[in-house]
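The values are calculated or read from the model by the stated rules, or taken from the named source; none is laboratory data. Treat the numbers as computed from the prediction; the structure is a model and nothing was measured. Neighbour counts run over all protein chains shown; Cβ positions are idealised from the backbone, glycine included. These accessible areas exclude ligands, DNA and RNA; they are computed on the full protein's heavy atoms, side chains included. Shrake-Rupley method; radii C 1.70, N 1.55, O 1.52, S 1.80 Å.
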Amino acid sequence: MHIRIAPSENPSLLDSRCSHVSRLLEQIPSTSLRTLNVRGFLTPALNLAIARHTFLRELTFLSGFYISPELLGAITAMPYLKKLRCHATVMESAQLEPFLPRTQPTFPSLTSIHFVGKPSVIHTLVDLLPAGQLESVTLEAYRPPRADASFWRSIIETLSAKASDTLTQLDIYHTIEQDDIDVGPLLALDSSFTLDILRPLSRCIHLHQFTLGSNTPYAITNKDLDSLVAGWPDISILRLDTSLFANHIRPSKMTVASLDMLARRCPKLRVLSIPLDISAHAPATADDKSDPRAPTVQRTLNSLYVKYSQEARHVSPFIDMAIRIFPGMEELELESFDDQVVWDCTSGKASFTYAGAADGLADGQ
């Protein structure tokens, strides 16, 4: 069942719509509804009407301001729920905790969760997740602490302990609202995702997809990245996404050498998004710049997206090197605070660019 309660400036109209849906849900036997998708406004009565459907297998809530602590608490105890997608953007963990089950197992059948909420609620829910069965996890922090990624450390540690043998997809998003961004804190170490925060993920040996989306800088080196992906032989999608602004004020510590390392470590990698220092042209390995070995060739990768902060004159040499390492690429996109180049690997031309003449690509060639 799909429910969308459209917004309205008329409160009585909204109440009428919710009352109609509540009555409909009350007429459906709680044992027969398996899938429910809800978008839009929810009244307290509609929250309660949804909570009685405890035989749900899949549940989607895109009603972040309206889901109640009572309903979210009830969801954690649904015995057959396998897939949950939920936005609870204004709820605090202190509001949720009184409604959590005390004796029942929580999320006993869950294999997939996508949750958007405040860091304290994310922490609470991760503590409630089952061990040994999670396959797909997406966590998005809503309005996280300004320039502070350190709260993720305990969340990632708990998640890795519970799902190291089963997790195949993990996406983490830490996005500070534009109005909350202050350059000073962003330059501080606590603003960054570091190896210390991410290290437990190296135990998740069956990961196929990992996304780290943040508009704060990363304090990750080639060696750090190597230690992470060493335990991910099946990784096919790796996205380390940061904002152009963050990468501009504190450039990435990862260099071109990390591409050679990833080519060796990740033979199944198909999609890579990463911030790089593209000015360091090609030491053969991450740790030994004097190593004369030729770069590794990996033919599986088909899409490479790079954010950089160096001068545009480094773009052309970088493109040449990336194509040598990943000759099977179909798309290569480079973007800085000032320039953007989308390189068509088939034709050997830049199909779109904001670059200046200094990079030799301003004419689209």
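Results, tabulated for the structure shown:
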quantity: Packing-based order for 126-138, 101-113, 38-50, using average beta carbon neighbours within 10 Å, highest first; calculated: 38-50, 126-138, 101-113
quantity: Surface accessible to a 1.4 Å probe, per residue, for the residues of the range 1-108, Å²; calculated: 51
quantity: Subset of 83/162; 162/307; 83/268 violating a 23 Å alpha-carbon distance limit; calculated: 162/307; 83/268
quantity: Label point distance in nm, residue 234-residue 2, each placed 7 Å from Cα along Cα→Cβ; calculated: 3.1
quantity: Stretchable slack from residue 143 to residue 34, in nm (0.36 nm times residue separation minus alpha-carbon distance); calculated: 36.0 nm
quantity: Pairwise label distance in nanometres, residue 80 with residue 153, each label 7 Å out on the Cα-Cβ vector; calculated: 4.3
quantity: Percent accessible area from carbon and sulfur atoms, the range 39-178, protein chains only, probe 1.4 Å; calculated: 52
quantity: Separation between Cα centres of the range 107-152 and the range 46-83, rounded to whole Å; calculated: 16
